[in-house]
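Each remark here refers to the structure printed beneath this line.
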Amino acid sequence: PANLLQIHPDHPNHWDAWDIDGFYRHNTHDLTELDTLDVHDHTVVIHRSHGTSTITQTLAIPAGEKRIDITTDIDWHESEKLLKATFPLDVHADRSASETQFGHVMRPTHTNTSWDAARFEICAHRYIHVAEPGYGHTLVNDSTYGHDVTRHTRDDGATTTTVRLSLLRAPRFPDPDTDHGHHTLRYALCVGADITESARQGYRINLPT
């Protein structure tokens, strides 16, 4: 399911604020359980909890737009846990396009070389775009920069692409209370978007009218 939340505990000796180790993926917990789900005229509101933390997500599909807007309100009291929003996408993407200061940079989605494998966490500004020839999707956000992009093979042999957005990390050094407290993060999945539309949607979420 799109917009799955994941918790990634990590090794306690590798939680400096400026460092993420690739083996955080080896221990993952999917936050699929719901406390409550409220359906309104134009939105769906999901309440989740994990440990002593609470997460409220408001999902909306604006009229006339090919995107789903997600506002995530988090009261976070975990440490040494990386919280990600996960989007499994049915596209065969050999690379991702991440926004930088003056355009975008392409990175491969495979791990064929040690250099590729070292890019288990990549940075992007307002958007990250993945596509197969003629069709793609974009994930835009207003508040965070960490992403990872991976490829997966379905039972029928087709390849899909998963994009994850890093929301909170809660390292212990240099501040043991990093990321604790209340956060509001907004992001959106834009369906059928190209690079031009990615830039437009990235501006839209960061400079709302």
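Read-outs throughout are calculated quantities, based only on the coordinates presented, and are distinct from any laboratory measurement. Keep in mind it's a predicted model, so treat the numbers as computed, not measured. FYI the Cβ positions are ideal-geometry reconstructions off the backbone, even for glycines, and counts take in every protein chain you see.
The table for this structure:
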item: Cα-derived Rg to Rh of the chain, Kirkwood definition; result: 0.95
item: Net charge of Cβ neighbours under 13 Å - reference Ala188; Lys, Arg +1; Asp, Glu -1; result: +2
item: Two-site FRET efficiency, His29 against Thr111, from Cβ-Cβ distance with R₀ of 25 Å, rounded to 0.05; result: 0.60
item: Mean ellipticity per residue at 222 nm, deg cm²/dmol - from DSSP H runs of n ≥ 4 across the chain, formula -39500 (n - 2.57); result: -2000 deg cm²/dmol
item: Radius 11 Å from Cβ of Ser143, net charge of other residues (Lys, Arg +1; Asp, Glu -1); result: +1
item: Under 5 Å, built H, 5+ apart or other chain: amide partners of Arg67; result: Val191
item: Using a Förster distance of 25 Å, the FRET efficiency for Thr36-Ile61 (Cβ separation, nearest 0.05); result: 0.75
item: Residue-wise HN-Hα coupling along region 92-105, computed from phi with Karplus coefficients 6.51, -1.76, 1.60 (Hz; x: Gly, Pro); result: 9, 9, 8, 7, 10, 10, 10, 5, 10, 4, 10, x, 8, 10
item: Neighbourhood net charge (12 Å Cβ-Cβ; Lys/Arg +1, Asp/Glu -1) for Ala199; result: 0
item: Ranked by how many other beta carbons lie within 10 Å on average, peptides 189-199, 40-50 from highest; result: 189-199, 40-50
item: Hz values of 3J(HN,Hα) by residue in region 72-85 - Karplus curve (6.51, -1.76, 1.60), Gly and Pro given as x; result: 10, 9, 10, 10, 9, 9, 9, 10, 6, 9, 9, 9, 10, 9
item: Computed label-point distance, nm, for sites Asp94 and Tyr203 using a 7 Å Cα→Cβ extension; result: 3.1 nm
item: Top of Pro108, Pro88, Pro133 by mean-square fluctuation, Gaussian network on the chain, Cα under 10 Å; result: Pro133
item: The chain, relative contact order [Cα under 8 Å, separation at least 6], %; result: 23 percent
item: Rounded, prolate or oblate (a/c below 1.5 giving rounded, otherwise prolate when a/b exceeds b/c) for region 28-105 by Cα gyration tensor; result: oblate
item: Region 53-63 - phi-based ³J(HN,Hα) in whole Hz, Karplus 6.51/-1.76/1.60, Gly and Pro as x; result: 9, 10, 9, 10, 10, 10, 10, 9, 10, x, 4
